[in-house]
Amino acid sequence: MSNAPKTRPELASLGDYVPGKSIDEVRARYGLATVIKLASNENPLGPAPRAADAALHALADAHRYPQGNAPVLTRTLARYLGVAEEKLVFSNGSDEMIQMIAEAWLPPGSEVLICEPTFSEYRFAAQLAGATVRALPLKEGRYDARALAEAVTERTAAVFVCNPNNPTGGWLGREELLGLLEALPPRVLLVVDQAYGEFAPAAGATDYDDLLDQTDRPNLLLLRTFSKLFGLAGLRVGYAVGAPELIRALYKVKQPFNVGLVSQAACVGALEDVEHQQRSLRLVREGMAFLRGLFAEWGWTVLPSAANFLAVRPSEGEATDLVDALERQGVILRSMKSFGMPDFFRITVGTKAENAEFARLAGAWRDARRNAK
């Protein structure tokens with residue numbers, strides 16, 4: 001019998017996170033000079049120029065601890081969103097915020113409701129806290145608001161809604177979300193993860209609503225990130241918007257210096273760089289139109305998406321075969337096998353040149369499959 005230290009029993013129920021492959025990994029594996037990554041829903045334009053400048057300037061003070069309450073970033077973001085400063089708290093990416101929520105509101109033996117497939121961090125954080133996760137099926141790639149409301153029990157402590165949903169892109173409109181919020185008992189926290197929400201109008205989701213005007217409610221938290229629209233995924237900054245009493249609770253479980261000084265400065269610069277935001281949204285709008293048109297021409301199944309990515313099922317062959325074939329040629333896609341959707345792959349909108357290269361290689365793969373029949 002092993003005498004090694006025993007891990008917490010909750011760890012036995014946790015699986016390993018399956019990340020997308022990196023550019024360096026694929027380049028080294030296949031000896032490629034150029035690799036295009038369309039797998040991780042990153043902003044292909046990179047960080048905003050003003051964000052990069054602010055980060056470089058802040059490096060001079062990198063020997064200092066950051067201010068834990070990020071006052072300059074808080075003021076800038078509050079002004080940007082039109083909310084009170086007391087409604088904001090920051091985290092080391094949205095992943096940490098989800099774990100903070102679990103620490104604050106999910107006691108052992110409680111219950112969390114989600115729909116799957118979705119972002120795996122909800123399940124991970126809840127199970128690590130000792131809560132039980134009840135997963136309902138998605139409805140046409142979207143969270144099922146009515147089913148979630150009907151599934152609430154006395155043990156339910158929180159409901160997580162990924163909106164738009166990762167990995168499918170489906171979304172709930174304002175009235176559906178407000179209906180769910182009204183149906184929940186006041187003791188049940190509704191967490192709406194809006195990591196991709198800024199892309200929704202550009203992606204064509206005209207009925208999407210950010211719900212910022214609802215954040216006085218005592219059981220609603222909105223989660224957002226600087227990783228997507230603002231192109232700062234490598235700096236790891238997420239945040240929550242909610243009623244001050246909810247934010248105070250999150251401050252109690254937040255690590256004192258969880259968001260670095262350089263990251264805070266870069267986020268301020270990104271918020272002030274309106275031109276970069278507009279370019280990023282234009283890229284998504286034009287890229288989504290191009291990819292949707294391409295897949296419609298090919299007869300491939302595409303799920304509705306309000307994000308900067310599409311979930312796609314090819315009609316000529318296996319999605320995993322396409323992902324493997326294009327990876328060998330330097331285009332990284334995300335197989336949805338790990339999400340329980342092996343017939344689908346996920347593609348992030350890239351630059352015009354990157355989308356064109358995907359179309360060329362995927363078109364050749366498609367032609368080869370059709371000719372082989």
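Quick notes
- Residues considered: ALA240, ALA200, ALA55. Largest GNM mean-square fluctuation over the chain, using C-alpha springs under 10 Å, is found at ALA55.
- Over segment 83-234, the ratio between the Cα radius of gyration and 2.2 N^0.38 Å evaluates to 0.97.
- Dipole axis of the chain (+1 Lys, Arg; -1 Asp, Glu on Cβ), positive-most option in GLY231, PRO5, VAL112: PRO5
- Whole-Hz couplings from phi, Karplus 6.51/-1.76/1.60, listed for segment 81-95; x for Gly and Pro: 8, x, 10, 6, 4, 5, 9, 10, 8, 10, 8, 7, x, 5, 4
- Length available on full extension from ARG282 to ARG8: 0.36 nm per residue minus the Cα-Cα distance, which gives 93.9 nm.
- 3J(HN,Hα) from dihedral phi, segment 314-320, Karplus parametrisation 6.51/-1.76/1.60, rounded to Hz, x for glycine, proline: x, 9, 9, x, 6, 4, 5
- Antiparallel content of DSSP bridges confined to the chain, in %, to 5: 45 percent
- When all alpha carbon pairs of the chain are counted in 10 Å bins from zero, the resulting P(r) reads 5, 23, 31, 26, 12, 2, 0 %.
- Phi-based couplings in Hz for segment 101-115 (Karplus 6.51, -1.76, 1.60; Gly and Pro marked x): 4, 4, 5, 7, 10, 10, x, x, x, 7, 10, 10, 10, 9, 10
- Of the chymotrypsin sites (Phe, Trp or Tyr not before Pro) in segment 171-205, not one is in a loop by DSSP (not H, G, I, E or B) with at most 14 other beta carbons within 10 Å.
- Amide H within-cut-off set for VAL331, under 5 Å, with H built and near neighbours excluded: ILE36
- Just checking the listed ones, ASN219, ASN41, ASN166: in the Gaussian network model of the chain with Cα springs under 10 Å, the one fluctuating most is ASN219.
- Relative frequency of Cα-Cα separations exceeding 25 Å in segment 225-373, percent: 45 percent
Since every read-out is calculated from the coordinates, none of them should be taken as a lab result. A quick note: this is a predicted structure, and the numbers were derived from the prediction, not measured. Every residue, glycine as well, gets a Cβ built from its backbone with ideal geometry; the counts of neighbours run over all protein chains shown.
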